[in-house]
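Where a number appears in this text, it was derived from the coordinates with a stated rule and is not lab data. Since the model is a prediction, treat every value here as computed from it, not as a measurement. A quick note on method: Cβ atoms are made from the backbone with ideal geometry, for glycine too, and the neighbour counts reach across all protein chains shown.
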Amino acid sequence: MVFSATDGRAGIDAPLVKRLIAAQFPQWADLPVVPVERDGNDNRTYRLGEEMTVRLPTAAGYVAGVAKENTWLPRLAPHLPLPIPKVLGTGAPGQGYPHPWSVRNWLPGTTLDLERLADPAMFATDLAAFIHALQACDTTDGPLAGAHSFYRGASPAHYDDETRRLLAELEGRVDTRRAAGVWEAALAAEWTGAPVWFHGDLATGNLLIDHGRLSAVIDFGTSGVGDPACDLVIAWVTLTGRAREAFRGAVRQDSATWARGRGWALWKALIQFGEAIRDNPATAPTFERVISDVLDDHDLHG
C-alpha cells in the first residue's frame, strides 16, 4: 500500500496500523485495532486491544510532537494531579507510512461534554489546578515555544497578519472595530514573566471526563515552555456562566495574561467562524457565539 496524505483519514486506516504493529511490536499483533470514537486532525488514534492506543501524525508538520511527548510526558506525569498519556512504545516509519508514531496506554473516560459534568464549576476548578501544577513543573531544557507548538506559548503577534486578514474578510459578519480593539490589547499586553510549561490546546477533545469529573488530559503535541496565556482560551471557547467565573477565579492570572488569552481566543474563533461560513454554515452560530463572548468580556482581572 502507498501512503497518501490526501485520503479521507490522511492515508491511515486500521489495516495499516495492524501491519505496523505486526512488524514492529509482534507481541501485540493479535490485538484488535479499532478507530477511537472521536479523532483529531493532527493525529489519528486507534484503540489497540483494551489497554492501549496507537497514535500516528497525519502530516509532517505534526511529527515534532511525537519525540517531544515521548521525552517529556514521563517527566511531567509525576508532578501532575491527573493522568496524562504514558508512552509504551515508539514506532518507526514503515509499511508505506513515512512518520514516527507511538503506542500509549488507554485512559478511561470520554471527551469533554459540558452536559455530562456533575458540576461544571468543579470541573473548571479542577482544570485550573491542573494548569497550576503544569506551570510549576521544572522547565530546565524544556522545548521553548516555536514552530513545534504552532507558536502557542509565544506572542500572539505571530498571527497578526492572519488575524487582520480574517477581520477584513469577516467585515459585516463581525464587529471588526471591537474585535480589532481586543486584538490590539492582546498585542500591547506583552509577556514579561518567567517561562512556564503550557499545554497549548486545552480543547474539548483533549480533556477526558469520567463519572462527571475531569479525569485525564491528553494530546501534548502543542505543549512547550513559554507564555501560559494560550491555556486560558477555554474560558471563552468552551466554558460559560458559573463555570467560566469559577475558572477565572481559580486559575489566578494577571490582567495582561487574560488580555493575551482573550486575543488567542479571538484568533481561534475567527478562523473557525470563517471556515464554518465557507464549509459548514450550520455550525457558524457556535463560533459566532464565541466571538460575541470574547468581545463582550471586559472582566480580565480574575
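Details
- On Cα atoms only, tilt of 64-76 relative to the major axis of the chain in degrees: 80
- For the chain: span of alpha carbons on each principal axis (Å, largest first): 58, 41, 38
- Only Lys, Arg, Asp and Glu carry charge here, each on its Cβ (+1 for the first two, -1 for the last two); on that basis the range 192-302 has a dipole of about 160 debye about its Cα centre.
- For the range 14-105, averaging the sequence separation of C-alpha pairs within contact (under 8 Å, six or more residues apart) and dividing by the residue count gives a relative contact order of 25 percent.
- What the phi angles of the range 158-164 give under the Karplus curve with 6.51, -1.76 and 1.60, with θ = phi - 60°, is a coupling list of 4, 9, 4, 4, 5, 5, 5 Hz, glycine and proline written as x.
- Distant-in-sequence amide H partners of Met52 (H built 1.01 Å from N, under 5 Å): Trp106
- Simple point charges give the picture: +1 on the Cβ of Lys and Arg, -1 on the Cβ of Asp and Glu, and for the chain a dipole about the Cα centre of about 420 debye.
- Selected from Ala194, Leu134, Ala269, residue furthest toward positive end of dipole (the range 110-296; charges at beta carbon): Ala269
- Inter-label distance, nm, simple model (7 Å from Cα along the C-beta direction), Arg38/Thr286: 1.0
- Each of Gly181, Ala145, Leu114 was placed along the dipole of the chain (beta-carbon charges, centred on the mean Cα), and the one lying farthest toward the positive end is Ala145.
- Rounded to 10°, Cα long-axis angle of helix 120-135 versus longest principal axis of the chain: 80
- Cα lying deepest toward the dipole's positive end in the chain, options Ser292, Tyr46, Cys230, charges on Cβ: Tyr46
- Sum of -39500 (n - 2.57) over DSSP H runs of 4+, divided by residues of the chain (222 nm, nearest 500): -12000 deg cm²/dmol
- The relative contact order of the range 110-296, computed from alpha carbon pairs under 8 Å that lie at least 6 residues apart in sequence, is 31 percent.
- The order of the peptides 28-36, 232-240, 124-132 by mean Cβ neighbours within 10 Å, most packed first, is 232-240, 124-132, 28-36.
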